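Notes for the one structure printed next.
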Amino acid sequence: MADPGSLLMLLGVLLVVVGIAGTVMPAIPGVPLVFVGLLVAAWADHFQKVGWFTLSILGVLTLFSFVLDFFATSLGAKRVGASWLALALSVVGAIVGIFFSIPGLILGPFVGAFVGEYIARRDWRQARRVGFGTWLGMLLAIAGKLALIFTMVGIFMTAYVL
C-alpha cells in the first residue's frame, strides 16, 4: 500500500500540472490550482520543508495573478477603445474556444471581442483593432501568469531543497 505522504505529493504535482495547463485555458483557474498543488505538496511533508512563510509568499503571488490578469487584459482592450460588450464577448469567445481545441483557444477571444465591438459600434476597422488589442492583452496576461507560476514553483523548490 502506498504511503499517504506519497499520494499527497502525487496529487500536489498533478494539481500543479493541471494548473499550468489551466493558465492557457480560460475555464480552468491555473494559478490558484498551482497554489493548491504546492500547498498539498507541503502538507504531504507535514510542512517540514515548506512552511507558512513560503506558503504566504506563494499566496500573495497567487492573489497578484488576479490583478495581473485583469490589468493586462483590460490594458490591451482599453488601449484600442474597446466597449464593455467587446470585453464581455471576448470572455465568452475564450470559453467557447475551449471546445475547438488550440485554434479555438487562440481565435475565440479575438472573434468574441471583434463581434462585440462590431455590434456596439458598427465599425469594421474599430472591431478589428479591438479584437486584436483584446487578444494581445490576454496573451500578455497568460505570459505573465506563466512567469508567476514558474516563480512560485521555483520558490517552492528552493524552500523544499534547502
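Can you give the net charge of the other residues whose Cβ lies under 11 Å from the Cβ of Ala113, counting K and R as +1 and D and E as -1?
After counting each charged neighbour, the total is +1.
If you add up the charges near Gly22, with Lys and Arg at +1 and Asp and Glu at -1, over every other residue whose beta carbon is less than 14 angstrom from its beta carbon, what do you get?
Here the charged neighbours net out to 0.
Run lengths n ≥ 4 of DSSP H only: what is the helix-derived mean residue ellipticity at 222 nm for the chain, with -39500 (n - 2.57) per run over all residues, to the nearest 500?
Rounded to the nearest 500, the figure is -29500 deg cm²/dmol.
Which three extents, in whole angstrom, do the alpha-carbon atoms of the chain cover along their principal axes, largest first?
62, 31, 17
Among residues other than Ala86 whose Cβ falls under 13 Å from its Cβ, what is the net charge (Lys/Arg +1, Asp/Glu -1)?
+4
Roughly what angle does helix 124-161 make with the longest principal axis of the chain, taking Cα atoms, 0 to 90 degrees, to the nearest 10?
Approximately 10 degrees, to the nearest ten.
Taking the 0 to 90 degree range and rounding to the nearest ten, how far is the long axis of helix 52-79 tilted relative to the main principal axis of the chain, both from C-alpha atoms?
Tilt of helix 52-79: around 10 degrees.
Bear in mind these aren't lab numbers, they're just calculated from the coordinates by the rules spelled out. Treat the numbers as computed from the prediction; the structure is a model and nothing was measured. Because the Cβ atoms are built from the backbone with ideal geometry, glycine has one as well, and the counts that use them run over all protein chains shown.
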